[in-house]
Every structure is written in C-alpha cells, then in structure tokens.
Amino acid sequence: MGAEPIIERTATLPLGLTMGDPAGIGLEISLKAWLRREELSLSPFCIYGSADALADRARQLNLEAFPIVVDAPSEAASIFLRGVPVIDIPLQVKALAGRPDARNARPIIAAIERAVGDVQASKIRAVVTNPIAKSVLHEGGFRHPGHTEYLAELAAMHWDGGPFHAVMMISSNELKVVPLTIHVPLSLVPQSVTRELITKTVVVTHAALIRDFGIASPRLAISGLNPHAGESGLIGTEDRDIIAPAVEALVAQGYDITGPLPADTMFHAAARSNYDAAICMYHDQALIPIKTLAFDTGVNVTLGLPFVRTSPDHGTAFDIAARGIASPESLIEALKLSDSMTRRRALAQL
C-alpha cells in the first residue's frame, strides 16, 4: 500500500482544538484562525468548548464566524468551510472577557479530557490546546502544574505503555528549545537536575526530532545550570558533577550532543547553527530566548506522548481579551505543526 492513501486517510480526520479559558483570548484566536482557513489551506479542526461562548465572542468582535454544533468530529470536514465545528461543552457560568471564573474550571478540563479521549479513539488526529490559567483551574480543584503534566497523566489512563515521560518543547523556525525542568520553583531546580532526567529528556527529544520533524541525525546542545556552566566547579558543582557526566554517557551511546554550554552564549545565530534543539535546565532559561526570537510564531509541543499535542506559545492574555487585537499567528502555527507531525507519523507506519 502506497504512502498517499495512508496520508489521505490521516488527513480526513480533523484536528481537535480545546477552548482553553473562555475569559482569555483562546476563543478570539480560534475564530480568527478559522477565518483564515482558505487563505492558509488549514486542515479542518473542531473546537471542544462552549458554542454559546464562541458565538458571544464572535458578536463582540464583529467576526463573521458562525459556530455549528456537531455530534461527532467526523462531521467537521463537511461543514468547515461554512461554519466553525464545535463539540459543545457548556460553561457553568457565562464567560466574561478578562474575568476568569473558577466555576468554569470543570468545563475547561472536560474539553481537554474529551479531546484526548477522541484522539485515542481515532476520531481526531491531534490535540491542539488553547491557553489555560493554572491559578484559575487550581481554584476549581485542578492539581497539576500545567497542561504538559496533565496530558501525561491522561495518556497513561488511555494508552498502554505508560507512564509516559512528557517533554515540553517550544518550536519555531529559528530555534527549538526544551526546558529540562518545567513548572517548578527556581529554588528547586538544582535538586531536580539529575542524570536520569537529562537522559530521559535527551532520548525523548532525539526520537521526536527524527519522527516528528524529519531530522535524520539530530544534533543536540545542552546548557549548563550555573553561570559559565559552572567554571569547572568554581561557580556551582552541578555542571561538573551531574550534567557533564550525563552528556559523556549519552555521547558514548551514540548521541550527537554537546555541553554543558554557557547559556548566555548559546542562542546567537552562529551558535544556533550548530544544533537542532537546545535542552536547557529550567523554564525561563529556555523560553526567554525563543520568545525573543519568535514570540508570535513559537509553538508549544509535548513530546513523548502517544499522540500529537501542540499549543500556542503564549498565555490567556486576560488583559486584552475581546479587544480584537489578539494575534492568531501562534495558534495557526500550532495547527499547521499538528498537521505536519501527524502526516509524518502516518508515513512512519509504512
């Protein structure tokens, strides 16, 4: 059987887009992305969320985007050109732009759960998530640090082979970065940086670069934790005693990886030409450079899961919700990346 029929069957399944926090910009950028569906040849997607909230936001912003409730994602493709397909998940209280309400935590979480269940059942081919506000969800009983950790738990519930080591990557044309530690306080980072975690993260990242990004021989760079990568132990010992031995062991296993490198000299253009992805020790060490280089086009990708998940690389932006100025570019890139990743995975099954 040839590649084209498999790719075509994959492409007939829609992408699943969760609504995120309806008080933020997720509804607006979803509608704006749909409005550009023909211009950008976007693959059909269906939104998991409140049809009423989407309709309200479209009216507020005077957008000619019309939510159409569907019973199943399979209906999305046939109506995508004329309306926004929605798997309706009603809110507990009306969504007010810029005013998040913890009473809507359950529907926000339900949208994620329904989408993951549908991707496992092959009703959609990927999950694209709009931004959530973790503090709001925590008020509603959510006990996970963020999307990444929650999706790993859901994957273990729906798929054999878990638990899964979920790895957060922010991807753009200019740079791909992976924070080794994600949503942990800075004070806990040094004790969280272990040889085991470095090894697991490198293995998952390397495999994803091959399978999902088509990079045949990935080159990885790994940052140091301390200034100047520790100066041989003069400015902290973690780089010398933990990171360097982990890198040496990975090189011995055949991985093309360099480090630990001083983080302050890793991200200029000449340095970036030497690697395909950078693994950094903590959240801001990774995200500051990529948000500087590609704020509007970076995509959050969760590696290491048995399904494709992407997300815009920004937050809920409550302060600009329903003002009509939110850019859909990162969401559009997330939709496009989900499309390309699922097609690559379909090819890999040949």
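The values are calculated or read from the model by the stated rules, or taken from the named source; none is laboratory data. Just so you know, these numbers come straight off a predicted model, no measurement behind them. Note: ideal-geometry Cβ built from the backbone for every residue, glycine included; neighbour counts use all protein chains shown. For accessibility, only protein heavy atoms count, side chains too; no ligands or nucleic acids. Shrake-Rupley method; radii C 1.70, N 1.55, O 1.52, S 1.80 Å.
Measuring nothing but protein heavy atoms, the accessible surface of the range 11-97 at 1.4 Å probe radius is 50 percent carbon and sulfur. Once the convex hull of all Cα atoms in the range 1-128 is built, its volume per residue stands at 95 Å³. One way to sum up the overall shape of the range 238-350 is the equivalent ellipsoid from its Cα gyration tensor, whose semi-axes run 30, 21, 12 Å, largest first.
The Kirkwood radius of the chain, taken over pairs of alpha-carbon atoms, gives through the Stokes-Einstein law at 20 °C and 1.002 mPa s a diffusion coefficient of 103 µm² s⁻¹.
By the rule of a C-alpha distance below 28 Å, with chain neighbours fewer than 8 residues away ignored, the lysines paired with LYS291 are LYS32, LYS134, LYS176, LYS200, LYS336. Based on protein heavy atoms only, the range 54-211 ends up with 46 Å² per residue of surface accessible to a 1.4 Å probe. Within the chain, the whole DSSP H helices whose Cα atoms reach 18 Å or more along their own axis and whose mean Kyte-Doolittle score is at least -0.5 are 105-120, 195-211, 329-348. Can you grab the distance from the C-alpha centre of the range 181-218 to the C-alpha centre of the range 93-139, Å, no decimals? Spelled out, the Cα-based centre of one part sits 26 Å from the other.
Among the trypsin sites (Lys or Arg not before Pro) found in the range 195-234, not one is both in a DSSP coil and sparsely packed, with 15 or fewer other Cβ atoms within 10 Å of its Cβ.
Inter-part distance, the range 250-277 to the range 282-350, computed on C-alpha centroids, equals 23 Å. The apolar share of the surface of the range 224-281, taken as the fraction of accessible area on carbon and sulfur atoms (1.4 Å probe, ligands and nucleic acids excluded), comes to 53 percent. Per residue, the range 229-350 exposes 43 Å² of accessible surface when a 1.4 Å probe is rolled over the protein heavy atoms with every protein chain present. For the range 96-172, what log10 I(q)/I(0) values come out of the Debye formula at q = 0.13 1/Å, with one point per alpha carbon and no solvent? Each listed q maps to, in turn, -0.44. Normalised Debye scattering of the range 180-312 at q = 0.13, 0.19 Å⁻¹ gives log10 I(q)/I(0) of -0.54, -1.22, counting only Cα atoms as equal scatterers and leaving out solvent. Any chance you could tell me what percent of the C-alpha pair distances in the range 109-149 go past 17 Å? Of all Cα-Cα distances in the range 109-149, 34 percent exceed 17 Å. Taking the inverse of the mean reciprocal distance over all distinct Cα pairs, the Kirkwood hydrodynamic radius of the range 208-248 comes to 11.6 Å. What the Cα atoms of the range 295-350 give is an Rg and a Dmax of 13.8, 47 Å. Per the Kirkwood formula applied to alpha carbons, the range 91-225 shows a radius of gyration over Rh ratio, Rg over Rh, of 0.99.
Helix content alone sets the calculated 222 nm mean residue ellipticity of the chain: runs of n ≥ 4 DSSP H residues at -39500 (n - 2.57) each, divided across all residues, give -11500 deg cm²/dmol.
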